[in-house]
Amino acid sequence: MRLSRYFMPILKENPKEAEIVSHRLMLRAGMIRQQSQGIYSWLPLGKRVLDKVNAIIREEQNRAGAIELSMPTLQSAELWQESGRYDAYGKEMLRIKDRQHRPMLYGPTNEEMVTDIFRSSIKSYKDLPLNLYHIQLKFRDEIRPRFGTMRSREFMMKDAYSFDLTREGAEHSYNKMFAAYLRTFDRLGLRAIPMRADTGPIGGKLSHEFIILADTGESEVFCHKDFVDFDIPGEHTDFDSVEGLQAIFDKWTSLYAATSEMHDEAAFNAVPEGDRLSARGIEVGHIFYFGTKYSEPMGAKVQGPDGKEHFVHMGSYGIGPTRLVPAIIEASHDDNGIIWPASVAPFDIVVINMKAGDQACDDTCELIYAALTKAGKDVLYDDTDDRAGTKFATADLIGVPVQIIAGPRAVANGEVEVKDRKTGARETMTIEAAINRFVA
Ligand code: P5A
């Protein structure tokens, strides 16, 4: 992508409305724009990061056996009347009427709709277990939307829903998502700790929130400090192994970890003082097992091996991609801007032409840009006629992991400079060496 033809509206000044660093940097880097309170457009640079986050979420959901579909944002009120949540959900639900005056709503979550899809076609235990997910916009009319897309009214959610014949089966489905979440957050460069959590309007008894420790987090959390170094399940994890997944779950729940709603002071005090971690955190995922809470009132049942009908045991599993992007920034930035983990960086490499219009600089940059693009890299080429200082500041702000800098003096020697955004380390090398480093 040539920066001269891209749309990346960088802000020079710090936006006054931004209270936390991720919100400030997302606005400054031209990633998002507020359209009305708690409702955002994702501009091209932000959209690239969001897409990469979603691709990782999707890969790990698929690996764990979940199947993707797409459900609408607008839902009929009737479904929610069946489950009893239409009245219970309160003011957070945005209610609307269509031209026939039928009550509709902008979905805050999809338990009812997916249960309706399930009951319309699945009749036998032989079709279980089943886990269906989508990545879709949601709307919750939050009292206090804030911190940009960290807590917005319209936001994206990956929501998965599992269906099993028995409680034991449902627990295995829960453990699959538990392990998939550990892998997902790790691949996003984050350390998320599963904590016992309150179930709120979703319901059920078994529930974990996945929390990233951060001073700007909205939740108050308490846990054993050893969680920070626990091993993440590997990519060859066998998601069909009941014992294997139970062992992962048991290990990751063997020490104290709870959000403030579930906090048990006495149990926490039993943890040796030096091992206690009391901190603030960002909730990036939340998983629930709620048994037959929706299947019973909505009549979602299957014939079991005993020939009788059974209400299915369900769970639901949410991740917030539009919250994850600022969470990653909270965890990874410096005074100059964002430092993206390579897995979600909007571009892999930025090529900086320090003197656009200079034939040798132009030729060198074109050569590098073409070679790296051909090799399948996402490359941003800063071919604008801004001053070199402005280009360096922009590259640091948008946090691309590698900068290849071509200035007249180095280029005259057939060389360029390669800078690592995270460490700041710079290396001068030949043009070929710079290309080969990233093509190999
Ligand atoms: C689980 C999937 C649910 O809604 N039903 C379907 C269950 N859970 S949840 O905890 O309420 O939300 C899941 C995740 O969505 C993100 N999230 C938000 N992100 C941005 N702004 C918001 N206002 C917002 N509300 C929820 C969080 O990451 C949460 O863990």
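Things worth noting here:
- Residues being over 16 Å from the mean Cα position of the chain (by Cα) and either part of a loop (DSSP other than H, G, I, E, B) or more than 10 Å from the ligand (Cβ to nearest atom) (or both) - total across the range 148-165: 5
- Single condition ASP382 does not satisfy, out of (1) open to solvent by less than 10 Å² (accessible area, probe 1.4 Å); (2) within 16 Å of the ligand (Cβ to nearest atom); (3) touching a Ser or Thr at 6+ places or on another chain (Cβ under 8 Å): (2)
- Cβ-Cβ under 8 Å pairs, at least 6 apart or on other chains, the range 197-222 side farther than 19 Å from GLY320 by Cα, far side near the ligand (Cβ under 10 Å from one of its atoms) and not in a strand (DSSP E or B): LYS205/THR199
- Failed criterion for HIS310 (all others in (1) in contact with a Gly (Cβ under 8 Å, 6 or more places away or on another chain); (2) in a loop (DSSP other than H, G, I, E, B); (3) of a type outside the set (A, V, I, L, M); (4) away from the ligand (no atom under 16 Å from the Cβ) hold): (2)
- Per-region count, the range 65-81, residues over 14 Å from MET93 (Cβ atoms) and assigned to a loop (DSSP other than H, G, I, E, B): 6
- The residue that is farthest from the ligand (Cβ to nearest atom), counting only those in the range 268-294 that are open to solvent by less than 40 Å² (accessible area, probe 1.4 Å) and small (Gly, Ala, Ser), is ALA279.
- THR253 vs. criteria more than 27 Å from ALA345 (Cα to Cα), surrounded by fewer than 21 Cβ atoms within 10 Å (Cβ to Cβ) and touching a strand residue (DSSP E or B) at 6+ places or on another chain (Cβ under 8 Å): yes
- Any hit, the range 318-341, residues being part of a loop (DSSP other than H, G, I, E, B), open to solvent by less than 40 Å² (accessible area, probe 1.4 Å) and within 16 Å of the ligand (Cβ to nearest atom): yes
- Some residue of the range 196-208 being away from the ligand (no atom under 16 Å from the Cβ), open to solvent by less than 30 Å² (accessible area, probe 1.4 Å), touching a Phe, Trp or Tyr at 6+ places or on another chain (Cβ under 6 Å) and over 14 Å from ARG280 (Cβ atoms): no
- Test for PRO346: is it open to solvent by less than 10 Å² (accessible area, probe 1.4 Å) and outside any loop (DSSP other than H, G, I, E, B): no
- Complete set of residues in the range 415-440 that are in contact with a helix residue (DSSP H, G or I) (Cβ under 8 Å, 6 or more places away or on another chain) and open to solvent by 30 Å² or more (accessible area, probe 1.4 Å): GLU415, GLU417, THR428, PHE438, VAL439
- Restricting THR115, THR109 to those that are near the ligand (Cβ under 8 Å from one of its atoms), closer than 18 Å to LEU69 by Cβ and either in a strand (DSSP E or B) or open to solvent by less than 10 Å² (accessible area, probe 1.4 Å) (or both) reduces the list to THR109.
- Taken as a whole, the structure leaves SER36 outside the set of residues that are in contact with a Ser or Thr (Cβ under 9 Å, 6 or more places away or on another chain), open to solvent by less than 70 Å² (accessible area, probe 1.4 Å) and either of a type in the set (Ser, Thr, Tyr) or under 15 Å from ILE135 (Cα atoms) (or both).
- Matching entry among VAL242, VAL228, VAL302 (being more than 16 Å from the ligand (Cβ to nearest atom) and at pLDDT below 95): VAL228
- Residue match in the range 3-21 (condition: touching a Ser or Thr at 6+ places or on another chain (Cβ under 8 Å), open to solvent by 40 Å² or more (accessible area, probe 1.4 Å), small (Gly, Ala, Ser) and at pLDDT 95 or above): yes
- Here GLU168 meets each of (1) within 15 Å of the ligand (Cβ to nearest atom); (2) modelled with pLDDT of 95 or more with one exception, condition (1).
- Test: ARG28 is without any contact (Cβ under 8 Å) to a residue 24 or more places away in the chain and farther than 19 Å from MET157 by Cα: no
The values are calculated or read from the model by the stated rules, or taken from the named source; none is laboratory data. Since the model is a prediction, treat every value here as computed from it, not as a measurement. With ideal geometry, Cβ positions are generated from the backbone for all residues, glycine too; neighbour counts draw on all protein chains shown. The area values use the complete protein model at the heavy-atom level, side chains included, leaving out ligands, DNA and RNA. Shrake-Rupley method; radii C 1.70, N 1.55, O 1.52, S 1.80 Å.
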